[in-house]
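S.K.: Following this message is one structure expressed as structure tokens.
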Amino acid sequence: MQSALTPGLFITFEGGEGVGKSTQTALLADALRAQGFQVTVTREPGGTPMAETLRGLLLDPAHDLDPMEQVLLLNAARHSHVRQVIAPALAAGDVVICDRFIDSTRAYQGAAGGIDGQVITDLHRLVFGDLMPVLTVVLDAPVETGLRRAADRAAATDRFETADRAFHERLRQGFLAIAAAEPVRCQVIAADAPASDIAQSVLAFVEPRVWS
Ligand code: TMP
């Protein structure tokens, strides 16, 4: 499996529901392409046909999946995604921007879902070695704000959007704890601001690293 020591740069966006990750992923990709970088944009769960199929299964509340089953499915999807998309793009020297990765598993299935975070980390190491994002933007908003935005986009029907408020509060605290534990890799940015202001903050965090 691909090691972190590749010519490319692996960046992830993380956060709870409705924090604006997709918008910020696209804005960062545009800004870096304008500076001449080759950028691959992708998302999890997903990024390959098989992983997109697993995404549908994972998010469909009609399937009775406990948090450990979710972790195992997510890792199968992630393996396909890393093998077919992320590792080749990093090896080719691309900036890879991924909307969610391992920190979402730690926060959703770990902090919010109750799976021991060490189990999630150990499994990741076993399957993916030292492949980790170099930079992670954690978009943070109060739970009400995020859920309202997610509901404005579409009726909340998926497994996590329909989870209770306590789940979303544990989720938010989970992301904040990850960022606090890894302050060099992670930057928390308040998501209840205009998209252009958030994009400026993201660039201020990322630019010094892409040019170094
Ligand atoms: P999103 O792309 O709209 O954020 O939807 C992806 C959903 O999948 C979101 O509810 C979070 C969930 N998810 C997990 O629960 N664990 C994970 O490891 C990942 C990558 C996503």
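The values are calculated or read from the model by the stated rules, or taken from the named source; none is laboratory data. Everything numeric here is computed off the predicted structure, so don't read it as measured data. Reconstructed Cβ throughout: ideal geometry from the backbone, glycine too, with neighbour counts over all protein chains shown. The accessibility values were calculated without ligands, DNA or RNA, using every heavy atom of the protein model including side chains. Shrake-Rupley method; radii C 1.70, N 1.55, O 1.52, S 1.80 Å.
S.K.: So which of 8, 18 ends up being over 11 Å from the mean Cα position of the chain (by Cα) and more than 10 Å from the ligand (Cβ to nearest atom)?
M.R.: Details: 18 fails: more than 10 Å from the ligand (Cβ to nearest atom).
Only one candidate passes the filter, namely 8.
S.K.: Here are some conditions: (1) within 10 Å of the ligand (Cβ to nearest atom); (2) surrounded by fewer than 23 Cβ atoms within 10 Å (Cβ to Cβ). Residue 92 meets all but one. Which one does it not meet?
M.R.: Of the numbered conditions (1) within 10 Å of the ligand (Cβ to nearest atom); (2) surrounded by fewer than 23 Cβ atoms within 10 Å (Cβ to Cβ), the odd one out for residue 92 is (1).
S.K.: Can you name every residue in the range 95-147 that is closer than 19 Å to residue 73 by Cα and among the charged types (D, E, K, R)?
M.R.: Matches in the range 95-147: 99, 100, 103, 106, 116, 122, 125.
S.K.: Now, a different point. Specify the residue that is least open to solvent (accessible area, probe 1.4 Å); the eligible residues are those in the range 71-88 that are within 13 Å of residue 131 (Cα to Cα) and away from the ligand (no atom under 13 Å from the Cβ).
M.R.: 87
S.K.: For the range 122-148, what are the residues that are within 11 Å of the ligand (Cβ to nearest atom) and either open to solvent by 60 Å² or more (accessible area, probe 1.4 Å) or within 14 Å of residue 17 (Cβ to Cβ) (or both)? I'd like the intermediate steps shown before the answer.
M.R.: Taking the range 122-148 and keeping what is within 11 Å of the ligand (Cβ to nearest atom), we get 124, 139, 146.
Once the filter is applied, which keeps residues that are within 11 Å of the ligand (Cβ to nearest atom) and either open to solvent by 60 Å² or more (accessible area, probe 1.4 Å) or within 14 Å of residue 17 (Cβ to Cβ) (or both), the range 122-148 yields 139, 146.
S.K.: Being among the small types (Gly, Ala, Ser) and in contact (Cβ under 8 Å) with a residue 60 or more places away in the chain is the filter; apply it to the range 150-195 and report the residue that is nearest to residue 26 (Cα to Cα). If you could, list the steps in order and put the result at the bottom.
M.R.: Within the range 150-195, the first condition is being among the small types (Gly, Ala, Ser), and the residues that meet it are 150-151, 154-156, 163, 166, 174, 177, 179-181, 190-191, 193, 195.
From the residues that got through so far, the ones that are in contact (Cβ under 8 Å) with a residue 60 or more places away in the chain too are 150-151, 174, 177, 191, 195.
Numbers: 150: 18, 151: 21, 174: 25, 177: 26, 191: 15, 195: 11 Å.
If we take residues in the range 150-195 being among the small types (Gly, Ala, Ser) and in contact (Cβ under 8 Å) with a residue 60 or more places away in the chain, then 195 is nearest to residue 26 (Cα to Cα).
S.K.: When the residues of the range 98-119 are narrowed to those that are farther than 27 Å from residue 26 by Cα and of a type in the set (Val, Ile, Thr), which ends up farthest from the ligand (Cβ to nearest atom)? Give the steps one after another, and end with the answer.
M.R.: To start, the set of residues in the range 98-119 that are farther than 27 Å from residue 26 by Cα comprises 110-119.
Checking the rest, the ones that are also of a type in the set (Val, Ile, Thr) come to 115, 119.
Numbers: 115: 11, 119: 14 Å.
Per the stated criteria, the residue is 119.
S.K.: Here's a check for you: in the range 28-51, which residue that is open to solvent by 70 Å² or more (accessible area, probe 1.4 Å) and assigned to a helix (DSSP H, G or I) is farthest from the ligand (Cβ to nearest atom)?
M.R.: Restricting to residues being open to solvent by 70 Å² or more (accessible area, probe 1.4 Å) and assigned to a helix (DSSP H, G or I), the top hit is 34.
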